[in-house]
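> Pasting a structure below so you can have a look.
Read-outs throughout are calculated quantities, based only on the coordinates presented, and are distinct from any laboratory measurement. Note that the coordinates shown come from a computational prediction; the quantities given were computed from them, not determined experimentally. Here Cβ is always computed from backbone atoms with ideal geometry, including for glycine, and neighbour counts include all displayed protein chains.
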């Protein structure tokens, strides 16, 4: 899990820096950084809520409450992105760039975790084909 957390955080930082490089110190950079922060917060919420939802022994009302919280979290993320776009008027492209840190970070973190979990003798070879 820590590798995935680090992957999303690093991808968010890269997205914010890319926004800075593309849009300068303007609204685009702010949008990329805000959406990257939202992506990281969303990942932490997903991890905590789903970890509790699928915990051994979780039953009944507590499980229903956690499932409802997952739904509310999704609605909250959509509402936050909508507010950043329509009320704060941040560029949609910068929000897309920043929020893409979630997918990029999870893919990168999973790849690094799989690579570090590989046995010592398993290098590039015929078995990787």
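> Sort the range 54-108 into rounded, prolate or oblate with this rule: let a ≥ b ≥ c be the square roots of the eigenvalues of the Cα gyration tensor; rounded if a/c is under 1.5, and if a/c is not under 1.5, prolate when a/b is larger than b/c, oblate otherwise.
Because a/c hits 1.5 or more and a/b fails to exceed b/c, the range 54-108 counts as oblate.
> Compare the peptides 93-101, 45-53, 70-78, 13-21 by average per-residue count of other Cβ atoms within 10 angstrom and give them in order, highest first.
Descending mean neighbour count gives 93-101, 13-21, 45-53, 70-78.
> Select one label from (1) 18.0, 55; (2) 17.5, 58; (3) 19.3, 69: the one whose number is Rg and Dmax of the Cα atoms in Å as derived from the coordinates shown.
(1)
> Next up: What's the exposure ranking of 1, 58, going from fewest to most Cβ atoms within 10 Å?
1, 58
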